[in-house]
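Presented below is the structure to which this report refers.
The values are calculated or read from the model by the stated rules, or taken from the named source; none is laboratory data. This structure is a prediction, so every number in the text was calculated from the model and none was measured. Glycine gets a Cβ as well: all are built from the backbone with ideal geometry, and neighbour counts include every protein chain shown. Areas reflect the complete protein model, heavy atoms only, side chains present, ligands, DNA and RNA absent. Shrake-Rupley method; radii C 1.70, N 1.55, O 1.52, S 1.80 Å.
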Amino acid sequence: MSERNPSDAPLQGIVVVDLTWNLPGPYASMALQALGAEVVKVEPPKGDPARHIGGLFAALNEGKRVVTLDLRAEDGKRELEALVRRADVVLEGFRPGVAARLGCDAAAVHAVNPDAVFCSISAWGQEGPLRDLPGHDLNAQALAGVCHLGRSDDEHPHGLPLPVADLSASMAAVASIVAELYAREQRRAAGQAAAVALDVAMVDAVVSWAHTWSRVDLAADAARRMPGRARAVAGRWLQRLDRPRLHALPHYDVFRCADGRYLALGLVDEQHFWRALCEALGAPRLGRLKMPTRLLLAPALRRMIALRLRTASAEAWFERLGRAGVPTSPVLTPDEALRHPQIAARMVAPSGRVRAPLAQRRVVPRPIPADGGSGG
């Protein structure tokens, strides 16, 4: 690791050797690169399978140095060893046991470079009864409970179109690697040493998200605030609230407008937002309804909202509801999103590439200390 100016990108001087393919590992190394790291991507002779998934490889690997190595051949092993010697981070995404067979597991890496942070990303993790089974994003979603949360009206479970298991594992890896690089510097300052291997599992990352969200219980909250007679009448409806979660709310949904475009309303339990929405829709008396009543009357209220929004274009409603302070947004395609001024300004690089989803960073100058002050 070379010396760097603290005002530079946080990971400038950090070298990452990336042995991963497809999505989770390459997305993690893309984020590390966005933080300033130099990424050397090692591909097998047949190439990363992502090269055959339209647009994916370019989106994840722009700016990385790509080398092709056959890790089953002695020449490939020697070239990898040379890369590992100067690495701060080694990232691998094989099924457990495969890295050891190829001579690039934690033990092999640390024999060459004990200071390297070694990180594995796999479907199920390096330990446990499923460790040797293959698995992709949908498998992790299913095991973690995500498919259950996404079930349809007929109780059929569904996976989410966005690969949340892959991407949550990517960001878990980034956070863990950055934390370990910091810990490494603290150990160095204390004269200590430790060879560290990080074990990131896709299922671990997404089960944390699913479990957190599964604690949301609109039915119990509504029942607590309903009189006993109302609870009895609404019993069957309350039982159904476990499936749609927030989407059970009549004002947390996507609605079609007069021009065929769609608008998303994102009101949760905020009474002031509900009042503002009802005022804008021309139904001010409904603004007095409290959350339990809105849940009980959700089908009728959703129909009312839908009919009112059908009277004007999505753009007109967005402007009107925005002025009223209602949480709303147009429903865009991914390409339209990149052209939106809010997203284009923050997430699109001059080259047109979409940036990694990291905090927007700026260096804040320290104030000049008063005369005689230490400044620290």
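Protection proxy ranking of 121-129, 77-85, by the mean of other Cβ atoms within 10 Å over each peptide's residues and highest first, is 121-129, 77-85. The Cα-based radius of gyration and maximum Cα-Cα distance (Dmax) for segment 310-360 are 13.8, 40 Å. Using the Cβ-Cβ distance between V112 and A283 with R0 set to 51 Å, the FRET efficiency from 1/(1 + (r/R0)^6) comes to roughly 0.15.
The modelled label-to-label distance for the pair A175/V67, using points 7 Å beyond Cα in the direction of Cβ, is 3.2 nm. Against the empirical curve 2.2 N^0.38 Å, the C-alpha radius of gyration of segment 1-151 lands at a ratio of 1.10. Our estimate of slack between M304 and H148, defined as 0.36 nm per intervening residue step minus the Cα-Cα distance, is 53.2 nm. Local charge for L143 was computed over the other residues whose Cβ lies under 12 Å away, with Lys and Arg +1 and Asp and Glu -1, and equals -2.
Relative to the current alpha-carbon distance between R51 and L133, full extension at 0.36 nm per residue lengthens the span by 27.1 nm. Spacing of the modelled spin labels on D75 and S351, each 7 Å from Cα toward Cβ, amounts to 2.9 nm. Each label was represented as a point 7 Å from its Cα along the Cα-to-Cβ direction; for Q186 and A324 these points are 5.1 nm apart. Working from the Cα coordinates of segment 63-119, the gyration tensor eigenvalues give, after taking √(5λ), semi-axes of 15, 15, 12 Å in decreasing order. Other residues lying with their Cβ under 12 Å from the Cβ of G76 contribute a combined charge of -3, Lys and Arg counting +1, Asp and Glu -1. FRET efficiency for the pair A59 and V98, taken as 1/(1 + (r/R0)^6) with r the Cβ-Cβ distance and R0 = 25 Å, rounds to 0.45.
Peptides 100-111, 194-205, ordered by how many other C-beta atoms sit within 10 Å of their residues on average, highest first, read 194-205, 100-111.
Measuring nothing but how far apart in sequence close Cα pairs (under 8 Å, 6+ apart) lie, relative to its length, segment 13-155 scores a relative contact order of 22 percent. Rolling a 1.4 Å probe across all protein chains gives R275 an accessible area of roughly 120 Å². Across segment 75-121, Cα pairs under 8 Å and at least six residues apart give a relative contact order of 51 percent.
When nucleic acids and ligands are ignored and a 1.4 Å probe is applied, T68 ends up with an accessible area of around 90 Å². Working from Cα pairs under 8 Å separated by at least six residues, relative contact order for segment 75-208 is 30 percent.
Per-peptide packing, taken as the mean over residues of other Cβ atoms within 10 Å, places 130-137, 332-339 in the sequence 130-137, 332-339 from highest down.
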